[in-house]
Ligand SMILES: [Zn+2]
């Protein structure tokens, strides 16, 4: 098992670093860090199904090893993510990953984190696949079937810890924080893995807001 998780852990450890220090991508905590799977690591069948549908590229590693199926989270955030209390929604219009406190957790930092952009960027190397967050969101919304699909604000702000701590510097031009971007010569737009079916599903979810 140790060998199987190497690529996963290494990829996340390299990616979720803010000015040289690892941190929880939701709340910015630097202690009690863990690695979470977006699609649970026991779900080989789901993973293969996603590959078959073209949502996950054929060359991707398996569900356990693929770092694009993972997040660095503190223990608290990991617990809320796994028990389907919160989800992350990728908003392609602004290229941000947005935290949604869907179960209305009343503790901080979750109240303040609601609808804020977290420490993930689509241009990053090994950025999480947006379609996997969609699967997770469906599960969260299934667990809370009577909660309405939340509206997203026009202006999606960064989570408080990103500009405050100085761990990452915001670029007013690109609207991204600089700490994670690839060096300029290698910087090129990385295509978010979101097949047409995932795109259609996003559309459906948005249309369904008012329903
Ligand atoms: Zn956290």
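The values are calculated or read from the model by the stated rules, or taken from the named source; none is laboratory data. Source: prediction; values computed, not measured. Cβ atoms come from the backbone with ideal geometry, glycine included; neighbour counts cover every protein chain shown.
Residues in the stretch 66-102 that are modelled with pLDDT of 95 or more and assigned to a loop (DSSP other than H, G, I, E, B): 66, 83, 84, 85, 86, 101, 102. Number of residues in the stretch 107-149 that are surrounded by 14 or more Cβ atoms within 10 Å (Cβ to Cβ) and assigned to a loop (DSSP other than H, G, I, E, B) equals 16. Checking each residue in the stretch 7-51 for being more than 19 Å from residue 84 (Cβ to Cβ), away from the ligand (no atom under 16 Å from the Cβ) and part of a loop (DSSP other than H, G, I, E, B) picks out 19, 20. Taking the condition more than 23 Å from residue 142 (Cβ to Cβ) and within 13 Å of the ligand (Cβ to nearest atom), does residue 62 pass? So residue 62 fails the test.
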